[in-house]
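*Asks:* For reference, the structure I am asking about is given below.
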Amino acid sequence: MKDARLQPVHLADYTPPAYLVDGVELTFRLHPTATRVRARIAFRPNPDTTDRRFFLHGEDLILLSATIDGTPVTPEVTPEGLTAEVPDAPFTWETEVEIAPEKNTALEGLYMSGGMYCTQCEAEGFRKITYYPDRPDVMAPFKVRIESDLPVLLSNGNPVGAGAGWGEWHDPWPKPAYLFALVAGDLVATSGTFTTCEGREVDLNIWVRPVDQGKADYALDSLIRSMKWDEDAYGRAYDLDVFNIVAVDDFNMGAMENKGLNIFNSRYVLASPETATDRDYENIERIIAHEYFHNWTGNRITCRDWFQLCLKEGLTVFRDQQFAGDARSHAVKRIEDVIALRSRQFREDGGPLAHPVRPESYTEINNFYTATVYEKGAEVIGMLRRLVGPEGYDKALALYFDRHDGDAATIEDWLTVFEDATGRDLSQFKRWYAQAGTPRLTVTDGFEDGTYTLHVEQETPPTSGQPEKHAQVIPLAVGLLSPNGDEVVPTTVLEVTETRQSFTFEGLAAKPVPSLLRGFSAPVILNRETSAEERAFLLAHDTDAFNKWEAGRALARDVLAAMIAESAAPAPAYLDALAAMARDEALDPAFRALALRLPGEDQMAEELHSRGHTPDPLAIHAAREQLKSAVAAHLGGLWGPLYDQMTCPGPYSPGAADAGRRALRLAALGHMARLDAGEKARAHFLQANNMTDEIGALSVLLEIGSGEEELARFERRWGDDRLVMDKWFALQTSLAAPDRAAATTAALTEHPDFTWQNPNRFRAVIGGLTMNAAGFHDPSGAGYDLVADWLIRLDGVNPQTAARMSTAFETWTRYDSDRRARMRAAMERIAAREGLSRDMGEMISRLLGAGR
Ligand code: TRP
Ligand code: ZN
């Protein structure tokens, strides 16, 4: 018989739940190997369906007893759950089960981390805690009693009682089981309060282990700012008397929005200037905000089923991006978001794992927490806002909260709200949710008698299961510059709706230079034949900060492509434009640092592939190194003064202004190292009084093949700090020379601190290698083999994290036949593992589905 858990689930097969839940009472008697969970659940037949099959999910549970209205029953139990004969009327269901949190290495359900108990229930982890209808459209208020000798006992909602060895919590807001959480441990809090605009006093606590005391101030500050921002920007106030956040070392993802009790990967909570980088601070701020914002977009309004995941994730990412833009710089934030979108989402969209923002089927939902659902999902909302305007957007959101508060909603509900609020027909727009793949926009232009015409063509390439695509609505933000650099037409949004379409601008004195896709107004690939001169012109004159950066980026891509394909020398137009930009003191240092950053190696591989070449990762690496050295030499006189100018007076502050200066200063240092063999970088490393500078200097040294001594020194200093040591590991595997990357990684896996069952450490070491494009793709195949070996090992312990990392192979069809064969062999070896997880099984079969 086929294993039911390996069968795909289809959006089209949705049926409402047969029974609804009016209330849940849970009692936990915690024990590492024998935790008892008693559940008392008030069920009632769902009036909206005639389906009366009673099924409760449950996995890896020992069922000790079950009763209906107090009468013992014997349910029929399978590996996926249980069925039982139940009344066609309201009834009380009670069970007791036993589970073993200490043996739970998958980190899903109730598990232990560093002596504390914690939970992770999204998406389908609650079924590993007790028997329950574990689906997001079943919502109920929860009462929880925890019995344990540990000092801090937490669950969702408000505390309602506590004594020696017990604590009770009540969450009045009906919620799906995936938002359930429980924590028990020896923890200390960094605390504060927040008074909401509705006058509610909320106690805020960030709980950490005693060794980490003092490192949660920035998280608390970020939380308070997020609460205020959601009131100001969206009119959303918090709705409980307490808000708890707990930092956990062993965690599969970034963080989780459990109602009133967010649980975080400790790397997104803990920070001190000495141990956290500017990037860490930025991530903490962003992820604290993200999880907090879920309280309305995700919790108060949740998803009907997991196909609707982007309903909460795309919207919440969009909200956290708006928040971060307000807190820092909108232009810099947008550039960073687009860099991330291109490197993760475009990569996914261009390979065998491409799927729509709202997928139509899955085998393991954990495999769909992707860049497409999150980041492209956020882009889709950004486009919607661009199309209906900020006021239309605000009106639609107000209606959304009003109409759907307390619901488990769908993308159809979401779009209907926009249609009702703005009167716009969104039937074509809906394709953004259904069609996978990155649309290509090809633009040509003409000028005659004062009229300027843009000809636009759109095409979305076929993706797995979707051979044909239809035209999408693409908001194309355009500005026009006159040849002398003045803006003659300010930003206008053209709505591209057809496969081929033209737009005209009249009354122009001379042929303008177009600035297209300003602010990256749609997640598309823009093709336009342009000269290096025109790009340099835009880099110098564009008033749109994003496009100014983009012009430099495009120049760099062209230069690198020519260096790789034709061994051309770096184009002087590029070097001169870069020099002018780097010197321009009117520009934000953070912006200048971003403009000095070259496109990544994987990006270049994607670029070359899309231009019809077979990318050679070693050639890309060599060309990129050569270009970096050429930039260093060409702008030789600039770096010293820039380095001196960008010091930050005063104590360390993680704010955007100082972070931008440090970034530009480190960029200067990186170039100097190519001219002085790392002398300045060594001094910088020794003088550093914060982790940004310390690790920044160390990576500069590793990039030029130096830094042995500094690595050892760093290890002596930070050997006891888990999060800092993650950086130490990751730096070495991600920056190792291509021919040594696999060996370096293999050696590090022998290090006594390579605690590979910890996801952060595994990602640092093995994930670091997969990020080292030239090293991972070394022609020997050693990188592929090593990664496959470790994925096989991890899959037996933590399928979710192992499956996520299999995306290292998602670009395999880009490469030459030798590399393709080696990658395929590596994947087939993984697939052959005895007891292969459902997570990994689905990933490998999707990966191999292409190019077979
Ligand atoms: N909902 C979480 C977020 O985006 C992410 C999440 C989903 C998650 N599944 C998880 C986190 C499993 C940790 C483990 O904010
Ligand atoms: Zn989220």
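The numbers here are math on the coordinates, done by the rules we state, and not lab data. All figures in this text were calculated on a predicted structure; none of them were measured in a lab. Positions of Cβ are backbone-derived with ideal geometry, glycine not excepted, and every protein chain shown enters the neighbour counts.
*Asks:* Bin width 5 Å, origin at 0, all Cα-Cα pairs of segment 94-141: what percent of pairs per bin?
*Replies:* For segment 94-141, the binned pair fractions read 5, 21, 27, 23, 15, 7, 1 percent.
*Asks:* Further question on the same structure: For segment 1-130, give the magnitude of the charge dipole about the Cα centre (Cβ charges: +1 Lys/Arg, -1 Asp/Glu; no others), in debye to the nearest 20.
*Replies:* 260
*Asks:* To continue, here is another question. Counting each pair of different Cα atoms once, what's the Kirkwood radius of segment 756-808 in Å, rounded to one decimal?
*Replies:* Result for segment 756-808, one decimal place: 10.9 Å.
*Asks:* Let me ask something else. May I ask you to evaluate 6.51 cos²θ - 1.76 cosθ + 1.60, the Karplus curve with θ = phi - 60°, for each residue of segment 221-231 and list the ³J(HN,Hα) values in order in whole Hz, giving x for glycine and proline?
*Replies:* The phi angles translate into 4, 5, 4, 4, 5, 5, 5, 5, 4, 5, 6 Hz.
*Asks:* Using amide H atoms built 1.01 Å from N in the peptide plane, name the residues 5+ places from Asn527, or on other chains, whose amide H lies under 5 Å from its own.
*Replies:* For Asn527, whose amide H was placed from the backbone, the distant partners under 5 Å are Leu441, Thr442, Val443.
*Asks:* Could you work out how far apart the two model spin labels at Asn158 and Gln7 are, taking each label as a point 7 Å from the Cα in the direction of the beta carbon, and quote it in nm?
*Replies:* Inter-label distance under the simple model: 4.5 nm.
*Asks:* Arrange the following residues from fewest to most other Cβ atoms within 10 Å of their Cβ: Met227, Met581.
*Replies:* Met581, Met227
*Asks:* Evaluated at 10 °C with a viscosity of 1.306 mPa s, what Stokes-Einstein diffusion coefficient in µm²/s does segment 332-425 have when Rh comes from the Kirkwood expression over alpha-carbon pairs?
*Replies:* Reported coefficient: 106 µm²/s.
*Asks:* Here's another thing I want to ask about it. May I ask for the equivalent-ellipsoid semi-axes of segment 633-849, computed as the square root of five times each C-alpha gyration tensor eigenvalue and listed largest first in whole Å?
*Replies:* After scaling each eigenvalue by five and taking roots: 36, 19, 15 Å.
*Asks:* Under the Kirkwood approximation for Rh and a Cα-based Rg, what ratio Rg/Rh is obtained for segment 488-561?
*Replies:* Rounded to two decimals, Rg over Rh is 0.96.
*Asks:* Rg/Rh for segment 14-81 to two decimals, with Rh computed the Kirkwood way over all alpha-carbon pairs.
*Replies:* Checking Rg against Rh, the ratio lands at 0.99.
*Asks:* Treat the count of other C-beta atoms within 10 Å as a stand-in for reagent exposure and order His671, His777, His609 from fewest to most.
*Replies:* His609, His671, His777
*Asks:* Starting from segment 442-551, pick out the GluC sites (Glu not before Pro) whose DSSP state is loop and whose Cβ has at most 14 other Cβ atoms within 10 Å.
*Replies:* Of the GluC sites (Glu not before Pro), the ones in loops of segment 442-551 whose Cβ has at most 14 other Cβ atoms within 10 Å are Glu468, Glu498, Glu506, Glu529.
*Asks:* What value in Å³ per residue do you get for the convex hull of the alpha-carbon atoms in segment 256-372?
*Replies:* It is 124 Å³ per residue.
*Asks:* Evaluate the Debye formula for segment 1-186 with equal point scatterers sitting on the alpha carbons, no solvent, and hand back log10 of I(q)/I(0) at q = 0.10, 0.12, 0.15 Å⁻¹, in q order, two decimals.
*Replies:* -0.39, -0.57, -0.89
*Asks:* Kirkwood hydrodynamic radius of segment 676-793 from all distinct Cα pairs, in Å?
*Replies:* Computed over segment 676-793, the radius equals 14.5 Å.
*Asks:* Right, here's the next one. Under the rule of at least 5 residues apart or a separate chain, name every residue whose amide H is placed under 5 Å from the amide H of Asp778.
*Replies:* Amide H neighbours of Asp778, under 5 Å, 5+ apart: Gly783.
*Asks:* Also, quick follow-up: Could you line up Met691, Met253, Met116 from fewest to most neighbouring Cβ atoms inside 10 Å?
*Replies:* Met253, Met116, Met691
*Asks:* Can you list, bin by bin at 10 Å, the percent of alpha carbon pairs in segment 188-264, starting at 0?
*Replies:* For segment 188-264, the binned pair fractions read 19, 51, 26, 5 percent.
*Asks:* Here is a further query. Under the Karplus relation 6.51 cos²θ - 1.76 cosθ + 1.60, θ = phi - 60°, what is the ordered set of whole-Hz ³J(HN,Hα) values for segment 240-256, x standing for Gly and Pro?
*Replies:* Whole-Hz 3J(HN,Hα) from phi for segment 240-256: 9, 7, 9, 9, 10, 10, 10, 9, 10, 6, 9, 8, 6, 10, x, 6, 9.
*Asks:* Could you work out how far helix 278-293 tilts from the main Cα principal axis of the chain, as a 0 to 90 degree angle to the nearest 10?
*Replies:* 40
*Asks:* By how many degrees, 0 to 90 and rounded to 10, does the Cα axis of helix 572-583 deviate from the longest principal axis of the chain?
*Replies:* For 572-583 against the chain, the angle is about 70 degrees.
*Asks:* In 10 Å bins starting at 0, how do the alpha-carbon pair distances of the chain split up by percent?
*Replies:* Distribution as computed: 2, 12, 21, 26, 21, 11, 4, 1, 0 percent.
*Asks:* So who's got an amide H within less than 5 Å of the one on Tyr362, skipping anything under 5 residues away but keeping other chains? H placed 1.01 Å off N, in plane.
*Replies:* Counting only residues 5 or more places away or on other chains, the set is Val9.
*Asks:* Using only DSSP helix segments of four residues or longer, with each worth -39500 (n - 2.57), what per-residue ellipticity at 222 nm results for the chain after dividing by its residue count and rounding to 500?
*Replies:* That calculation yields -12500 deg cm²/dmol at 222 nm.
*Asks:* Computed over the Cα atoms of segment 236-310, what is the ratio Rg over Rh, Rh following Kirkwood?
*Replies:* Looking at segment 236-310, the ratio lands at 1.01.
*Asks:* Roughly how tilted is helix 330-340, in degrees to the nearest 10 and between 0 and 90, from the longest Cα axis of the chain?
*Replies:* On a 0 to 90 degree scale, this one is about 80.
*Asks:* Starting from a Cα-only point model with no solvent, please compute log10 I(q)/I(0) by Debye for segment 383-459 at q = 0.16, 0.27 1/Å.
*Replies:* For segment 383-459, the Cα-only Debye profile gives -0.74, -1.22.
*Asks:* With θ set to phi - 60° and the Karplus curve 6.51 cos²θ - 1.76 cosθ + 1.60, what are the ³J(HN,Hα) couplings of segment 403-415 in order, to the nearest whole Hz, using x for Gly and Pro?
*Replies:* Here the 3J(HN,Hα) series is 6, 10, 3, x, 9, 9, 9, 10, 4, 4, 4, 4, 5 Hz.
*Asks:* Divide the volume of the convex hull of the Cα atoms of segment 139-278 by its number of residues and quote the answer in cubic angstrom per residue.
*Replies:* 123
*Asks:* How many angstrom separate the Cα center of segment 711-772 from the Cα center of segment 510-573?
*Replies:* First find each Cα centre; the distance between them is then 36 Å.
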